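Colleague: Quick one: this structure, given as structure tokens, is what I'll be asking you about.
The values are calculated or read from the model by the stated rules, or taken from the named source; none is laboratory data. Note that the coordinates shown come from a computational prediction; the quantities given were computed from them, not determined experimentally. Every residue, glycine as well, gets a Cβ built from its backbone with ideal geometry; the counts of neighbours run over all protein chains shown.
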Amino acid sequence: MQALLCREYGPIERLRVEEVPSPRPGPNEVVVEVRASSLNFPDALLVQGLYQVKPPLPFSPGMELAGIVKEVGAGVRGIEAGDRVIASPGRGGFAQECLVAADRVMPLPAGMDFETGSAFVLTYCTSLHALKDCGHLQPGETLVVLGAAGGVGTSAIEVGKAMGAKVIAAASSEEKLALCKKLGADDTIDYEKADLRQRILDLTSGKGADVVYDPVGGAQTEAALRATAWRGRLLVIGFASGVIPQLKLNLALLKERSLVGVYWGDWTQHDPQGQRRNIEQLAAWFAEGRIKPVVSERLSLAEAPAAMMRMLQRKVMGKVVVLPAAT
Ligand SMILES: NC(=O)c1ccc[n+]([C@@H]2O[C@H](COP(=O)([O-])OP(=O)(O)OC[C@H]3O[C@@H](n4cnc5c(N)ncnc54)[C@H](OP(=O)(O)O)[C@@H]3O)[C@@H](O)[C@H]2O)c1
């Protein structure tokens, strides 16, 4: 089978598509024939050795996928060869077959195609966990989403709207903000041109935002935190800007604001039942037509490295999907 391989940590350009042996499942593992997998920001960091996790070499990037179960290992219950599934293996998705721990495999929700399924788990689960379990977002509250046209950003707009919030989307270009509007954002801010703090205050009649969803970091974090309301919550999702902000804690004291860390992947290990409830909620919203991943590009394995580089240059919107059977 073919796989995009990282043989050494370093420049993304060194990734190559190679012929490798098909994986075989060990106990409590399954092998999935990958129909589609999707790109996430951490993939681009992982292959450079810049992510918090460093898999043993060689490995294939690709954190989430959709496909058909090819083979199940000993001890696997409730999953059979031929099942249509979605999965979040953490790595290995950019290949024609992927070995996945059985507890990371879920049925493909009814009515969902493989491309949509491959872009569903990581971003939407992160956003629902962040907004519901960590941010306690309430109907009628105001949510500000930074990096709102990106992978997790687009999902946060849709999940925020499904939870009944007023959503303000912030991103770096008119094209990106047009996508956010299409997804249901009530208001938008181009934070490359406007003062983020002032615009949030203007759009909330001076009150400020109740919740900020921040996958970007850098200078925008403090600007957004300063524009939160009494008991506002800033959700720390990630640092796509490459800068981890240093904040003064008087900003938390002054309005009883909270800074809340979000680590969806680890939370699923702490609360597997909570994760099951969330995926059921997301599948129901999908069936009702309230959420749907934005697939902006469909690429072959060989084209994936160039997409990783575009992602690091802020040139990607929504989700990039990789089709391992495509040439
Ligand atoms: N905590 C968790 O559980 C969790 C789960 C999933 C992902 N994450 C994190 O969330 C972050 C976003 O992931 P994603 O897959 O949504 O990425 P993405 O699609 O590339 O979106 C990131 C957005 O960040 C903005 N950005 C600002 N400065 C940037 C820069 N220098 N380089 C790249 N992007 C920049 C871009 O929007 P503008 O151009 O509009 O500013 C971009 O659309 C990553 O840090 C990832 O690790 C965290």
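Colleague: If the requirement is being within 16 Å of the ligand (Cβ to nearest atom) and in contact (Cβ under 8 Å) with a residue 24 or more places away in the chain, which of these qualifies: 68, 12, 79? Lay out the reasoning, then the answer.
Modeller: Numbers: 68 fails: within 16 Å of the ligand (Cβ to nearest atom); 79 fails: within 16 Å of the ligand (Cβ to nearest atom).
Unique residue meeting the criteria: 12.
Colleague: Counting only residues that are closer than 15 Å to residue 69 by Cα, give me the strands (runs of 3 or more DSSP E) lying completely in segment 1-50 with at least 2 of them. Steps first, answer last, please.
Modeller: Working: elements: 2-5, 16-19, 29-38.
By residue number, 29-38.
Colleague: Shifting gears a bit: Filter segment 114-136 down to residues that are over 20 Å from residue 212 (Cβ atoms), touching a Leu at 6+ places or on another chain (Cβ under 8 Å) and within 12 Å of the ligand (Cβ to nearest atom), then give me how many there are.
Modeller: 0
Colleague: What is the residue count in segment 208-219 for residues that are part of a loop (DSSP other than H, G, I, E, B), surrounded by fewer than 24 Cβ atoms within 10 Å (Cβ to Cβ) and within 12 Å of the ligand (Cβ to nearest atom)?
Modeller: Within segment 208-219, residues that are part of a loop (DSSP other than H, G, I, E, B), surrounded by fewer than 24 Cβ atoms within 10 Å (Cβ to Cβ) and within 12 Å of the ligand (Cβ to nearest atom) number 2.
Colleague: Please find, among 111, 92, the residue that is small (Gly, Ala, Ser), in a loop (DSSP other than H, G, I, E, B), more than 16 Å from the ligand (Cβ to nearest atom) and at pLDDT 95 or above.
Modeller: 92
Colleague: On the given criteria, is residue 247 of a type outside the set (Gly, Ala, Ser), within 15 Å of the ligand (Cβ to nearest atom) and at pLDDT 95 or above?
Modeller: The answer is no for residue 247.
Colleague: What's the total number of residues in segment 33-64 that are within 21 Å of residue 238 (Cα to Cα) and either surrounded by 24 or more Cβ atoms within 10 Å (Cβ to Cβ) or hydrophobic (A, V, I, L, M, F, W, C) (or both)?
Modeller: At the first step, the residues of segment 33-64 found to be within 21 Å of residue 238 (Cα to Cα) are 38-55, 61-64.
If we keep only those that are either surrounded by 24 or more Cβ atoms within 10 Å (Cβ to Cβ) or hydrophobic (A, V, I, L, M, F, W, C) (or both) too, we end up with 38-41, 43-47, 50, 53, 61-64.
Residues in segment 33-64 being within 21 Å of residue 238 (Cα to Cα) and either surrounded by 24 or more Cβ atoms within 10 Å (Cβ to Cβ) or hydrophobic (A, V, I, L, M, F, W, C) (or both): 15 in total.
Colleague: Within the group 175, 192, 222, which residue is in contact (Cβ under 8 Å) with a residue 60 or more places away in the chain, surrounded by fewer than 22 Cβ atoms within 10 Å (Cβ to Cβ) and farther than 26 Å from residue 284 by Cα?
Modeller: 175
Colleague: Quick one: which of 287, 304, 283 is touching a residue at least 12 places away in the same chain (Cβ under 8 Å), away from the ligand (no atom under 11 Å from the Cβ), at negative phi and touching a Pro at 6+ places or on another chain (Cβ under 6 Å)?
Modeller: 283
Colleague: Quick check on this structure: which one of 253, 234, 225 is in the same structural domain as residue 152 (by TED's automatic domain parsing), within 21 Å of the chain's Cα centre (by Cα) and more than 12 Å from the ligand (Cβ to nearest atom)?
Modeller: The unique qualifying residue is 234.
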